[in-house]
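Chemist: Okay, handing you the structure first.
Where a number appears in this text, it was derived from the coordinates with a stated rule and is not lab data. These numbers come from a predicted model, not from an experiment. Glycine also receives a Cβ, built like all others from the backbone with ideal geometry; neighbour counts cover every protein chain displayed.
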Amino acid sequence: MDERGWVRTHASVERELEADSAKLLLRIEGETAFLGNAALTRSREVAALVTALGAQGVLEADIRVLNDTLAAQSGALGRSSRASFMLEVSVGDLERLPEHLGTVSSAKNIELLRLE
């Protein structure tokens, strides 16, 4: 009689990894409406953040517009329109992360949704 069996094994390894970068997911509410990456330079609220972070060493290429939403109070897009932008900011220099978080938290109409 042939009595072959199976041996099942399971292994796992846990270890801590040191982060070498971070991503900030932000929502910015504003009054100037531009779609897509045009908002980085043409939307007053977004451009102000890009400029402030740029002064701290964050490149414009490290900031992406993930989502934008337009809403009109009067029913037609125009001067009374509101815009909401979802941005992802990649931070390569973690030593400067507290400075970047300070800039975000001190700005009007910006909400930090997630830090990865």
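Chemist: From the phi angles alone, apply the Karplus equation (6.51, -1.76, 1.60; θ = phi - 60°) to the stretch 7-24 and give each ³J(HN,Hα) in whole Hz, x where the residue is Gly or Pro.
Modeler: Listing the rounded values in order: 10, 10, 10, 9, 9, 9, 10, 10, 7, 8, 10, 8, 5, 10, 7, 9, 10, 9 Hz.
Chemist: Where Lys and Arg each count +1 and Asp and Glu each count -1, what net charge lies around residue 64 among other residues with Cβ under 15 Å from its Cβ?
Modeler: So the environment of residue 64 carries a net charge of -2.
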